[in-house]
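Structure first, commentary second.
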Amino acid sequence: MNKNDLRFQKTELAIKSAYFLLNQQGAVSVKVNVLCETANINKTTFYAHYETVEHLHKQVCKEFVVALLSQCQDVDKFLTDTRSFAFSVLSTFESRLPVIEMLYNNDLYAFVNDVEAIFMEKYVPKSISEDYKLSIRFCIGGAFKLLVAEKNPVRIQKTVDLVEYVLHSQI
């Protein structure tokens, strides 16, 4: 199937829109027949695009995280201006929290795993040492765990200070 074909793209949009709609309506697990009915397509068409609903879910989540990170104004400054980067990411994530919770079914650990994988793939230069990459992964996971427990100005500031310390002590 040609992914540049307008019919393919329209069907992709219909499938993803139906998936979001069903999730917003509180569907615990989306069934192919309900998804197809909502998207006004048949099962054969769905399976021409995706192997399973889980495959669709993973693709939707990945695209969402890519878009979310691209909305962070200072995402490319994680090495030069860690403080601006951290506040930009926090602000962007906070503004989209209801969608994150809905899409990830309140499994914020799955969300942070996707953020980490996509961030490492798209924003971390390949030339950075493996040790420094581990520090970045540590900061993403550690900051997330600290801020899930409690988000207040003091804790946010302390978390940003720790991230800045870890990232800049490696340079």
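Restricting attention to segment 94-110, does a residue exist that is touching a Leu at 6+ places or on another chain (Cβ under 9 Å), at pLDDT 95 or above, on the phi < 0 side of the Ramachandran plot and not β-branched (Val, Ile, Thr)?
For segment 94-110, residues touching a Leu at 6+ places or on another chain (Cβ under 9 Å), at pLDDT 95 or above, on the phi < 0 side of the Ramachandran plot and not β-branched (Val, Ile, Thr): absent.
Here is a list: Phe138, Phe119. Which entry is farther than 22 Å from Ser17 by Cβ, assigned to a helix (DSSP H, G or I), open to solvent by less than 60 Å² (accessible area, probe 1.4 Å) and among the aromatic types (Phe, Trp, Tyr)? Steps first, please.
On the way: Phe138 fails: open to solvent by less than 60 Å² (accessible area, probe 1.4 Å).
After ruling out the rest, the residue left standing is Phe119.
Residues being part of a helix (DSSP H, G or I), surrounded by fewer than 17 Cβ atoms within 10 Å (Cβ to Cβ) and either among the aromatic types (Phe, Trp, Tyr) or without any contact (Cβ under 8 Å) to a residue 60 or more places away in the chain (or both): count how many of those fall in segment 62-86.
Going residue by residue through segment 62-86, those that are part of a helix (DSSP H, G or I) are 62-71, 75-77, 82-86.
The next check asks that each one be surrounded by fewer than 17 Cβ atoms within 10 Å (Cβ to Cβ); those that pass are 62-63, 66-67, 70-71, 76-77, 83-84.
Next, from what is left, pick out any that are either among the aromatic types (Phe, Trp, Tyr) or without any contact (Cβ under 8 Å) to a residue 60 or more places away in the chain (or both): 62-63, 66-67, 70-71, 76-77, 84.
So the answer is 9.
Yes or no, residue by residue, for (1) under 27 Å from Val160 (Cα atoms); (2) open to solvent by 40 Å² or more (accessible area, probe 1.4 Å); (3) touching a residue at least 12 places away in the same chain (Cβ under 8 Å):
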{"residue": "Arg7", "(1), (2), (3)": "no, yes, no"}
{"residue": "Ile15", "(1), (2), (3)": "no, no, yes"}
{"residue": "Thr45", "(1), (2), (3)": "no, yes, yes"}
{"residue": "Glu51", "(1), (2), (3)": "no, yes, no"}
{"residue": "Leu56", "(1), (2), (3)": "no, no, yes"}
{"residue": "Ser88", "(1), (2), (3)": "yes, no, yes"}
{"residue": "Thr92", "(1), (2), (3)": "yes, no, yes"}
{"residue": "Tyr104", "(1), (2), (3)": "yes, no, yes"}
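From the list Tyr50, Tyr123, Tyr132, pick out the single residue that is closer than 26 Å to Val34 by Cβ and among the hydroxyl-bearing types (Ser, Thr, Tyr). Quick ask: steps written out before the conclusion?
On the way: Tyr123 fails: closer than 26 Å to Val34 by Cβ; Tyr132 fails: closer than 26 Å to Val34 by Cβ.
Selected residue: Tyr50, the only one of Tyr50, Tyr123, Tyr132 that is closer than 26 Å to Val34 by Cβ and among the hydroxyl-bearing types (Ser, Thr, Tyr).
Just need a number here: residues in segment 5-41 that are under 22 Å from the mean Cα position of the chain (by Cα) and of a type in the set (S, T, N, Q).
6
The values are calculated or read from the model by the stated rules, or taken from the named source; none is laboratory data. Every value quoted in this text rests on a predicted model; they were computed, and no experiment measured them. Cβ sites come from the backbone with ideal geometry, for glycine too, and all protein chains shown count toward neighbours. To get the accessible areas, we keep the full protein, side chains included, count just its heavy atoms, and leave off ligands, DNA and RNA. Shrake-Rupley method; radii C 1.70, N 1.55, O 1.52, S 1.80 Å.
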